[in-house]
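The values are calculated or read from the model by the stated rules, or taken from the named source; none is laboratory data. The structure presented is a predicted model; accordingly, all values stated were derived computationally and were not measured. Glycine also receives a Cβ, built like all others from the backbone with ideal geometry; neighbour counts cover every protein chain displayed.
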Amino acid sequence: MRKIQFAVLLCLSVSLFGGRERISFDQGWNFFRCGNMPDGTTKAEPEGLENPSFSDDGWRELNLPHDWAIEGPFRMDLPNRTGKLPYAGIGWYRKDFKLSKEDKHKEIYLMFDGAMSDTEVWVNGEYAGRWPYGYNSFYFNITEHLNYGEENVVAVRLDNKPDSSRWYPGGGIYRHTYLIKTEPVHVDIWGTFVTTPLVQTNKAIVEIKTDVNNAAGKDSGAEITHQIAAPDSGEIVCSESRKIKAQAGETEKTEMSLTVTDPHLWSVESPDLYTLITEIRQNGETVDKYETKFGIRSVKFTADEGLLINNEPVEIKGVCLHHDLGPLGAAIHKRAIERKLEILQEMGCNAIRTAHNPPSPELLELCDEMGFLVMDEAFDCWEEGKTENDYGRFFEEWHKKDVTNLVRRDRNHPSVIFWSSGNEVKEQRQGEEGREVSRKLTGIFHELDPTRPVTVGCNSWKSGFNGFQKTVDIIGFNYKPHIYGKFAEENPNMPFLSSESASCVSSMGEYFFPVKQKKDQGFFQFHVSSYDLYAPSWASRPDLEFEGQDRVPQCIGEFVWTGFDYIGEPTPYNKDKTNLLNFQSEEEKIAMQQKMDEIGGKAPSRSSYFGIMDLCGFKKDRFYIYQARWRPEKPMVHILPHWNWPERKGEITPVHVYTSGDEAELFLNGTSLGRKKKGEYQYRLVWDEVKYQAGELRAVAYKDGKKWASEVVTTTNEPAKIELEAGSKTIKADGSDLSFVKVKITDNLGKLVPRSDNMVYFEIEGPGEIAAVGNGDQTSHEPFQASRRKAFNGLCLAIIRSYKGETGEIKLTAKSRNLSSDSAVITVE
């Protein structure tokens with residue numbers, strides 16, 4: 001039996017250690033926009049913006065990260081696959097900074113975690129470099145361009161072209177930036193690579209490869225020391241030193257092996273992280289100190305045993321995530337990412353696919369700390385692009401550089417268990433020519449990191465049989481549960497996974513009648529029914545994917561499309577050449593075309609319907625069918641739909657129940673409607689003949705014949721008040737920490753009133769601001785940056801951000817006409 005064995009790693013940030021400084025470069029930028037403007041006009045790009053003498057006094061002052069596109073406005077004339085937001089345009093950022101004369105002998109690097117897109121950088125008017133890919137991290141050595149003891153000017157030009165993305169990309173320097181200072185002899189940027197080739201309960205071998213740069217003008221001797229600090233305590237558990245000689249202008253590569261006794265193993269359940277402390281000494285003094293976080297764990301993929309972590313089987317219970325953070329846009333906020341992961345963990349999710357691009361460093365840091373597995377993905381296209389101005393323009397020249405930066409940056413993260421070279425690339429259908437591109441990419445990944453397998457997400461079933469599957473270590477299928485059995489028969493020694501599954505679509509709290517079983521018949525008025533039966537023609541409800549995996553255990557798990565709604569790609573209401581292909585029946589196609597014609601041929605939808613959670617992170621019904629499957633040990637039961645249907649009295653209103661139990665009984669106003677048991681490959685319980693009458697629905701679930709869990713859904717009274725729930729009651733006074741305040745429209749008894757859509761007005765006092773507002777309505781064109789928001793099916797959201805350096809209490813008050821108001825207090829420390 002062929003086995004693919006892998007073990008790893010991490011590489012994270014440094015602040016100030018002997019000789020090395022890593023300084024945030026986010027504060028005090030000036031911003032100017034030209035080219036395509038938000039209002040649809042065009043502004044000419046002036047010349048000479050990179051020159052230090054150019055006056056930027058009239059430019060907008062801001063701090064990074066910054067997404068210029070989320071500021072809007074939404075425009076019906078813009079494509080909804082990119083969110084109807086004005087991301088296209090040219091942006092310039094300029095920043096003045098000073099370096100001391102003592103820095104003159106140092107090496108100075110300018111690092112960008114990500115900038116959207118086609119970045120060009122000048123320092124003091126001199127060209128420092130270019131990096132086109134908007135999702136990748138990159139850096140430039142700017143030492144030779146600097147002035148010491150006087151002012152310096154860095155100028156950055158970004159060029160977001162129209163038709164460059166299939167989803168909302170954002171615009172601007174939307175991730176963090178850093179200035180890194182080192183002595184001439186220093187550990188290279190991302191210059192450590194930690195692997196754990198032997199992992200046992202009583203000992204682990206830790207192998208360390210280090211790149212040491214010598215930027216001095218002469219050969220230089222030095223001593224390199226590695227120390228490993230234990231999780232939590234920081235106690236040094238082992239160390240080793242070695243003399244090295246670094247040639248002038250060269251990189252010295254060293255390899256050392258250390259032994260850790262009785263190691264704390266990293267796993268999903270116990271994500272323990274060690275710290276590698278690397279020191280470079282010259283003449284008895286420390287000239288560089290570089291820290292690397294890593295985890296001790298083994299990873300193995302086999303066709304018969306599946307995924308093994310530390311020799312224990314682990315099912316991949318994953319979701320795909322796009323990079324935007326809903327109402328906050330593409331600008332990175334660590335707390336917003338953490339909140340997403342917390343919600344996913346509650347559901348039972350243990351894995352993330354970074355669809356379809358390199359993620360932010362913060363996402364991987366959190367996955368390391370919280371115990372998530374990661375498929376780290378490089379590209380959405382290779383040589384053959386999918387839109388006119390996408391990455392296909394750059395692939396030939398830049399793919400190796402981009403893969404190199406991705407792997408060197410991320411290869412020490414224990415959460416990253418495999419690389420993905422691409423998603424639904426056109427080369428999968430191109431025969432030997434396409435296979436050669438895939439082999440080339442796999443080879444680059446293996447050269448940079450021989451410890452992890454490479455996969456690719458394929459939407460053509462033929463890719464599993466035409467030889468394309470042999471160009472990677474693990475094949476990924478998008479929406480192909482019906483071919484799992486055939487693939488396993490013909491490729492018995494190859495593990496595979498569902499790299500994209502389901503693509504079920506729904507709108508939070510929307511239910512349409514009659515409930516039809518055809519997957520395109522829950523689409524109505526630019527929303528989708530939340531009975532979780534509906535999907536585009538190429539996709540399916542969750543149940544069919546579950547069945548495919550259960551029938552063929554060679555499948556090692558799935559990544560659901562998607563964990564959260566995201567901006568753009570509002571299938572099935574995307575207005576592009578494939579729009580009507582989302583509908584199977586001629587009747588539905590005609591009806592959809594009529595609706596489109598009525599509003600001028602463009603659908604209003606501006607964000608996706610795919611999410612298990614909506615754009616604000618509110619749970620749709622689908623959350624519970626995944627929780628029932630992924631957390632079978634948790635007693636739970638969930639009823640849908642809500643029970644406010646006064647216009648449906650006496651009419652058939654089907655009820656679905658999701659439960660981790662194996663059977664359930666449904667009661668309407670105390671009368672049993674029957675007890676049902678799950679059959680083989682059955683993942684929900686359905687009462688199709690329930691006739692609506694106001695009152696109470698109760699479901700009682702059983703497991704192994706014993707009562708397991710219960711839930712009640714009741715008809716509510718009219719909206720009477722607002723209730724606020726602050727997700728974080730205490731936040732840091734760092735100018736970036738967030739509290740997500742959930743706004744509920746409730747009746748006089750405090751029960752959420754479904755179908756309510758009251759306009760909510762916000763007032764804020766204290767050391768903070770409203771960073772964004774939102775709701776789950778995919779068709780809303782209300783601005784995200786505002787002090788009011790209309791509720792959607794009883795809910796909306798206000799995101800509160802602290803002011804830097806200011807402590808105290810923030811008081812958020814929410815008001816609405818004819819409703820009692822409410823306030824939430826958030827402490828800033």
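Numerical summary
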{"item": "Some residue of segment 171-191 being closer than 21 Å to GLY48 by Cα, out of contact with any Cys (no Cβ under 9 Å at 6 or more places or on another chain) and of a type in the set (Val, Ile, Thr)", "result": "yes"}
{"item": "Selected residue (only one of THR813, THR779 is in contact with an Asp or Glu (Cβ under 6 Å, 6 or more places away or on another chain) and in contact (Cβ under 8 Å) with a residue 40 or more places away in the chain)", "result": "THR813"}
{"item": "Strands (runs of 3 or more DSSP E) lying entirely in segment 763-829 (those with 2 or more residues that are among the basic types (Lys, Arg))", "result": "788-790, 808-816"}
{"item": "Residue match in segment 503-513 (condition: aromatic (Phe, Trp, Tyr) and under 20 Å from GLU432 (Cα atoms))", "result": "no"}
{"item": "Unique residue being more than 22 Å from GLU547 (Cβ to Cβ) and crowded, with 22+ Cβ neighbours inside 10 Å when the list is PHE477, PHE445", "result": "PHE445"}
{"item": "Failed condition for GLU252, given (1) part of a strand (DSSP E or B); (2) within 30 Å of the chain's Cα centre (by Cα)", "result": "(2)"}
{"item": "Scan of segment 301-349 for residues that are more than 11 Å from the chain's Cα centre (by Cα), modelled with pLDDT of 95 or more, under 21 Å from PHE496 (Cβ atoms) and buried (at least 20 other Cβ atoms within 10 Å of the Cβ), ordered by number", "result": "PHE301, LEU307, ILE309, VAL314, ILE316, LYS317, GLY318, CYS349"}
{"item": "Any hit, segment 215-225, residues being within 23 Å of the chain's Cα centre (by Cα) and among the hydrophobic types (A, V, I, L, M, F, W, C)", "result": "no"}
{"item": "Within segment 744-760, tally of residues that are in contact (Cβ under 8 Å) with a residue 60 or more places away in the chain and outside any loop (DSSP other than H, G, I, E, B)", "result": "1"}
{"item": "Residues (assigned to a loop (DSSP other than H, G, I, E, B), surrounded by 14 or more Cβ atoms within 10 Å (Cβ to Cβ) and modelled with pLDDT of 50 or more) located in segment 1-37", "result": "GLY18, GLY19, PHE25, ASP26, MET37"}
{"item": "Strands (runs of 3 or more DSSP E) contained entirely in segment 108-188, each with at least 3 residues that are farther than 17 Å from PHE31 by Cα and free of Cβ contacts under 8 Å to residues at least 40 places away in the same chain", "result": "126-131"}
{"item": "Residue among VAL268, VAL206, VAL194, VAL212 that is surrounded by 15 or more Cβ atoms within 10 Å (Cβ to Cβ), not basic (Lys, Arg) and not in a strand (DSSP E or B)", "result": "VAL268"}
{"item": "Per-region count, segment 611-634, residues closer than 26 Å to ASP688 by Cβ and either in contact with an Asp or Glu (Cβ under 7 Å, 6 or more places away or on another chain) or part of a loop (DSSP other than H, G, I, E, B) (or both)", "result": "6"}
{"item": "Test: ALA351 is touching a Cys at 6+ places or on another chain (Cβ under 6 Å) and of a type in the set (Gly, Ala, Ser)", "result": "no"}
{"item": "Total residues in segment 690-722, condition acidic (Asp, Glu) and either in contact with a Pro (Cβ under 8 Å, 6 or more places away or on another chain) or in contact (Cβ under 8 Å) with a residue 60 or more places away in the chain (or both)", "result": "1"}
{"item": "Count of residues meeting criterion [of a type outside the set (S, T, N, Q), assigned to a strand (DSSP E or B) and surrounded by fewer than 17 Cβ atoms within 10 Å (Cβ to Cβ)] in segment 724-743", "result": "1"}
{"item": "Residue within segment 412-420 that is assigned to a helix (DSSP H, G or I) and crowded, with 22+ Cβ neighbours inside 10 Å present", "result": "no"}
{"item": "Residue list for segment 724-772, filter: among the β-branched types (Val, Ile, Thr) and out of contact with any Cys (no Cβ under 7 Å at 6 or more places or on another chain)", "result": "THR730, ILE731, VAL741, ILE745, THR746, VAL753, ILE764, ILE770"}
{"item": "Flag for ASP288 being among the acidic types (Asp, Glu), farther than 26 Å from PHE618 by Cβ and not assigned by TED's automatic domain parsing to the domain that holds ASP734", "result": "yes"}
{"item": "Residue count for segment 300-338, restricted to those that are part of a strand (DSSP E or B), touching a Ser or Thr at 6+ places or on another chain (Cβ under 8 Å) and closer than 30 Å to GLN200 by Cβ", "result": "3"}
{"item": "Failed item in (1) at pLDDT 95 or above; (2) surrounded by 17 or more Cβ atoms within 10 Å (Cβ to Cβ); (3) closer than 28 Å to TRP122 by Cβ, with THR82 passing the rest", "result": "(3)"}
{"item": "Residue, surrounded by the fewest Cβ atoms within 10 Å (Cβ to Cβ), within segment 653-703, restricted to residues that are hydroxyl-bearing (Ser, Thr, Tyr) and part of a strand (DSSP E or B)", "result": "THR671"}
{"item": "Qualifying residue in segment 38-49 (condition: in contact with an Asp or Glu (Cβ under 9 Å, 6 or more places away or on another chain), closer than 25 Å to GLY129 by Cβ and either surrounded by 13 or more Cβ atoms within 10 Å (Cβ to Cβ) or without any contact (Cβ under 8 Å) to a residue 12 or more places away in the chain (or both))", "result": "yes"}
{"item": "Only listed residue being surrounded by fewer than 20 Cβ atoms within 10 Å (Cβ to Cβ) and not assigned by TED's automatic domain parsing to the domain that holds GLY385, chosen from THR143, THR119, THR177", "result": "THR143"}
{"item": "Some residue of segment 637-650 being loosely packed, with under 15 Cβ neighbours inside 10 Å and outside any helix (DSSP H, G or I)", "result": "yes"}
{"item": "Number of the condition not met by GLY601 [criteria: (1) surrounded by fewer than 18 Cβ atoms within 10 Å (Cβ to Cβ); (2) assigned to a loop (DSSP other than H, G, I, E, B); (3) at pLDDT 95 or above]", "result": "(3)"}
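Yes/no matrix, rows are residues, columns are (1) modelled with pLDDT under 95; (2) among the charged types (D, E, K, R):
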{"position": "TYR174", "(1), (2)": "no, no"}
{"position": "ILE180", "(1), (2)": "no, no"}
{"position": "ASP188", "(1), (2)": "no, yes"}
{"position": "THR192", "(1), (2)": "no, no"}
{"position": "PRO197", "(1), (2)": "no, no"}
{"position": "ILE205", "(1), (2)": "no, no"}
{"position": "LYS209", "(1), (2)": "no, yes"}
{"position": "GLY217", "(1), (2)": "yes, no"}
{"position": "SER220", "(1), (2)": "yes, no"}
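The rows are residues; the columns are (1) on the phi < 0 side of the Ramachandran plot; (2) at pLDDT 95 or above; (3) within 26 Å of the chain's Cα centre (by Cα).
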position	(1), (2), (3)
ASP449	yes, yes, yes
ARG452	yes, yes, yes
SER460	yes, yes, yes
GLY467	no, yes, no
ASP473	yes, yes, yes
GLY476	yes, yes, yes
HIS482	yes, yes, no
